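Structure first, commentary second.
The values are calculated or read from the model by the stated rules, or taken from the named source; none is laboratory data. Only a predicted model underlies this, so the values are computations on that prediction, with no experimental measurement involved. Quick reminder, even Gly has a Cβ in these numbers, built from the backbone with ideal geometry, and neighbours come from all protein chains shown.
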Amino acid sequence: MGNLIWHEWARYVSLTATVYTIWAAFWGILYRKFFWDFVGGTLRAPGGLQPANNVAFFIDIIVKVPAVQIVILLHAFLLLALEFPAPFLKGTGMYRSLPLRLVMLLGQTFLAILFYQGTNGAIYSLTAAIAYARAIALGETIKEAKENRGRGGKA
């Protein structure tokens, strides 16, 4: 067989996680729920689970105003433009930077785990971040394809 190219596998997982996170952010704007509200909450007979008072800040930025969902939506679109890549990013140093992708995926993981719909996207983003960290540890790089310039997709 062959050797696993970690940064290519991480790119595919990252694309999947980012598209999933964009979809989750759209649904998170419509159906707002702070995922960690069960920690320290009080269970009442009529009314269900009431979140603790110490998570009021998160309730404000996730449930009352969907600020986290909007920020993660913009962040995920930027990461998608980097991973796919967008034509204006292809061939730049930012496109070839594995540590930048690692940091962006960890940021996506942190933001997506806060609201209920983003938990799966956060798990996939963390998986991609671990794979990028492995690629960095192995010394993998994204090389610029100089031999493909000027061909325009012809064989």
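Return the pair list, or none, for Cβ contacts closer than 6 Å from residues in the range 61-79 that are free of Cβ contacts under 8 Å to residues at least 24 places away in the same chain to residues that are among the small types (Gly, Ala, Ser) and assigned to a helix (DSSP H, G or I), at least 6 apart or on different chains.
ILE61/ALA67
Could you go through the range 28-46 and let me know if any residue there is out of contact with any Asp or Glu (no Cβ under 6 Å at 6 or more places or on another chain), in a helix (DSSP H, G or I), in contact (Cβ under 8 Å) with a residue 60 or more places away in the chain and not aromatic (Phe, Trp, Tyr).
So far as the range 28-46 goes, yes, one or more of its residues are out of contact with any Asp or Glu (no Cβ under 6 Å at 6 or more places or on another chain), in a helix (DSSP H, G or I), in contact (Cβ under 8 Å) with a residue 60 or more places away in the chain and not aromatic (Phe, Trp, Tyr).
Residues in the range 23-32: is at least one farther than 30 Å from LEU98 by Cβ and either small (Gly, Ala, Ser) or exposed (fewer than 13 other Cβ atoms within 10 Å of the Cβ) (or both)? Let's see the steps before the verdict.
Start the filter on the range 23-32 by keeping residues that are farther than 30 Å from LEU98 by Cβ, which leaves 27, 29-32.
Now narrow it down to the ones that are either small (Gly, Ala, Ser) or exposed (fewer than 13 other Cβ atoms within 10 Å of the Cβ) (or both): 30-31.
Checking the range 23-32: at least one residue is farther than 30 Å from LEU98 by Cβ and either small (Gly, Ala, Ser) or exposed (fewer than 13 other Cβ atoms within 10 Å of the Cβ) (or both).
Restricting the first residue to the range 93-115 and requiring it to be closer than 16 Å to ALA81 by Cβ and in contact (Cβ under 8 Å) with a residue 60 or more places away in the chain, which pairs with a second residue that is surrounded by 20 or more Cβ atoms within 10 Å (Cβ to Cβ) and of a type in the set (Phe, Trp, Tyr) meet a Cβ separation below 7 Å and a spacing of at least six or different chains?
ARG101/TYR132; LEU105/TYR132
Scan the range 120-141 residue by residue and report those that are without any contact (Cβ under 8 Å) to a residue 40 or more places away in the chain and not in a helix (DSSP H, G or I).
GLY139
For the range 65-81, how many residues are in a helix (DSSP H, G or I) and either modelled with pLDDT under 95 or within 14 Å of PHE26 (Cα to Cα) (or both)?
In the first step, residues of the range 65-81 are kept if they are in a helix (DSSP H, G or I); the result is 67-81.
With either modelled with pLDDT under 95 or within 14 Å of PHE26 (Cα to Cα) (or both) added as a condition, the list becomes 67-77.
The total comes to 11.
All but one of (1) crowded, with 16+ Cβ neighbours inside 10 Å; (2) under 16 Å from TRP27 (Cβ atoms) hold for THR119; state the number of the condition that does not hold.
Here THR119 clears every test but (1).
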